[in-house]
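These notes concern the structure reproduced below.
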Amino acid sequence: MKITFDKLVELLREESSQYITKENHKIKPTKRFIELENFVCQECSPEQIYEIAKLGLKSTNIEKLGKAVIRSQNLYWNCKFAKEISGANVREHGKVIIASKNLKLNCWFARYVKGADVREHGKVIIASKNLKLNYLFSRNIDESDVMEHAKVIINSKDLKINYLFARNIGGADVRAHGQVIIDSKDLEWNYKFARDVKGSDVRAHGLVIIDSKDLELNYDFYEYVRGADVRAHGQVIIDSQDPEWNLEFAKFKGSDVKAHGEVVFNSNDPELNLKFAEEVCGADIEKHAQVVVKSKDPRLNFRFAAFVNGADIKPHERVIIESKNTKIIDEFFSWVEGSQVEKNDQMIIGNKNTKLNYELVKEEEEKEVCIDLLFI
């Protein structure tokens, strides 16, 4: 019987709408409809069978049409039939996909077809040893066998995929994935894993960073990894004898301020000693002041006296006056006169001759006689 597809659809519609009979409140197709449907299953393509099933005719036998699509072994139309046709035997269509070993289609079927046998589709992915697909299958598909997919990832020793799996997959064995990272001794991945993965073995990852003696990574590890050992990472900084890193690390709460401060003090760098005294809580102010005073730099001494809480102004004032830098001397005394610190008189110099001494210095430098100033 030769007939166009459009004519076939027309006949099916007519038979379904005009000759439906009822038996026990169930729809019973006519003999003619059954004959037409059998013809569809035998002669039509999977696409045409799908189109007829999608018409939603009340008399349609979806199971019969589905079997015809399954017999075709066409992967695309089995996927589409299972996903879009109500009443389709999803598991049977899924078997076609599973048997094909097509990795992407097994992922797609398990993710998008309601009622799919997720574990069976997952076995295809697991057997493939494909790292990316095992990760994506576990991440995107509920009911996936996370632990079995994880074995593929762990055995691969791939650092990035182990990091992603532990970070993003609920139920992942964080310590097992973390051990892969630890064993690798890779500094960046140990830092990232400890920083980003909840439940990671921070101490073990931290030891890898400590053993590296890398100053920046030890600093960053303590700053950004919750639960890191401040003293252990700080010791790497101290042992390096790098004054700048010791200055920065000493700002962390719980750091060994005295030991970090000793490194900065031994550097004899007046600016770093000024910063340490100014910025680090618990710094030995008097000790760091010695380096600044010794430098004879009037600007740094002014800053130390003005901005370091608890600084003894006297030695810094002496350096400023001896510098004969009138601009800085003016700024210094303007600051002194405007300050509201208790015992201000003692902090200035301790006697009434200070201002007079300052003016005499200025007079000598300018080579002018300023008699009035001598009587202030």
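The values are calculated or read from the model by the stated rules, or taken from the named source; none is laboratory data. Small disclaimer: the values here were computed from a predicted structure and weren't measured. Positions of Cβ are backbone-derived with ideal geometry, glycine not excepted, and every protein chain shown enters the neighbour counts.
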Within the set of pairs 6+ apart or on separate chains, which have a first residue in the stretch 245-272 that is under 22 Å from D214 (Cβ atoms), a second that is surrounded by fewer than 18 Cβ atoms within 10 Å (Cβ to Cβ), and C-beta atoms under 6 Å apart? F252/V230; G254/V230; S255/V230; V263/Q241
For helices (runs of 4 or more DSSP H) lying entirely in the stretch 232-318, having 1 or more residues that are crowded, with 17+ Cβ neighbours inside 10 Å and out of contact with any helix residue (DSSP H, G or I) (no Cβ under 8 Å at 6 or more places or on another chain) picks out 257-266
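Residues checked against (1) within 24 Å of F137 (Cβ to Cβ); (2) touching a Leu at 6+ places or on another chain (Cβ under 8 Å); (3) part of a loop (DSSP other than H, G, I, E, B):
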position	(1), (2), (3)
K2	no, no, yes
I52	no, yes, no
G56	no, no, yes
Y76	yes, no, no
K83	yes, no, no
A88	yes, no, yes
L105	yes, yes, no
Does the stretch 184-197 include one or more residues that are more than 24 Å from the chain's Cα centre (by Cα) and of a type in the set (D, E, K, R)? no
Consider E331 carefully, then state whether it is in contact with a Phe, Trp or Tyr (Cβ under 6 Å, 6 or more places away or on another chain), surrounded by 16 or more Cβ atoms within 10 Å (Cβ to Cβ) and free of Cβ contacts under 8 Å to residues at least 40 places away in the same chain. no
Show me the helices (runs of 4 or more DSSP H) entirely contained within the stretch 131-171 in which 2 or more residues are over 23 Å from W108 (Cβ atoms), out of contact with any Phe, Trp or Tyr (no Cβ under 7 Å at 6 or more places or on another chain) and at pLDDT 95 or above. 146-156, 159-168
